[in-house]
Amino acid sequence: MCFDQVREELKQAGAPEERSETEQAVSGGYNVLFRDAITDEVHQAAARWRECMAPLGIVDLPDEPWTAGAMSMPPSLMSAWGWTSSFGKPSADEVRIAVHDANCRETSGWSEALYESQWALAEKFVEDNKPALDALLQQHNKYIKKYQQIIADHQNK
C-alpha cells in the first residue's frame with residue numbers, strides 16, 4: 001500500500017517512472033566494472049587467503065573469499081549450520097570461522113588489493129562517464145526535494 005502511494009506521489013510530481021536509458025547504461029557499466037576488478041594482485045592475494053584458510057579443512061573452499069552476508073558461502077558450511085538466511089544468532093562455529101576468515105582476508109592482503117582495484121576502476125569509470133553521470137545527477141536533483149518530502153511524510157506511518 002505505502003509503496004503504491006509513494007509511486008503515485010512521485011508520478012504526480014513529474015518524476016520519471018522508469019529508469020532512463022542513461023541510468024540503465026551507467027548502472028550496467030558500473031556492475032561490469034567490479035567484475036574487472038580482479039587483477040593479478042587480487043588473484044595472488046586470493047591464493048594467500050586460501051592457504052590461510054586451509055587449516056579449517058573446508059572441502060569446497062572457493063578460489064576467493066565469498067561476499068559477506070550473501071548466500072555464496074561454501075555449501076558445506078551452509079549445510080553444516082542449517083544456514084538458509086543471514087538472520088538469526090550465529091553459532092560458535094560460525095563465529096570461529098568468520099573470525100578466521102576475516103583475519104585471513106586481512107593478512108593475505110586480499111581486502112586491500114580488492115578495495116584498491118575497485119577504487120581505481122570506479123575512479124576511471126567516473127572519469128570516462130562524467131557527462132552521462134552529470135546528466136543523471138541533474139535529473140535526480142530536479143526531484144530531490146520531492147523525494148525528501150515524501151520520505152518525511154511517510155516516516156512515521
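Each value in this text was obtained by applying a stated rule to the coordinates, not by laboratory testing. Keep in mind it's a predicted model, so treat the numbers as computed, not measured. In this analysis, Cβ positions are derived from the backbone assuming ideal geometry, glycine residues included, and neighbour counts consider all displayed protein chains.
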Cα-projected label distance for A54 with T39, points at 7 Å along beta-carbon direction, nm: 2.6
To the nearest 0.05, what FRET efficiency results for T107 and F87 with a Förster distance of 22 Å applied to their C-beta separation? 0.15
Starting from 0 in steps of 5 Å, tell me what percent of the Cα-Cα pairs of the stretch 36-157 lands in each bin. 2, 9, 14, 14, 11, 10, 10, 10, 11, 7, 1, 0
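So if each residue of separation counts as 0.36 nm, and I subtract the Cα-Cα distance between T67 and A47, what length gain in nm does that give?
5.6 nm
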Using r as the Cβ-Cβ distance of Q139 and Y115, and R0 as 25 Å, what FRET efficiency do you calculate, to the nearest 0.05? 0.25
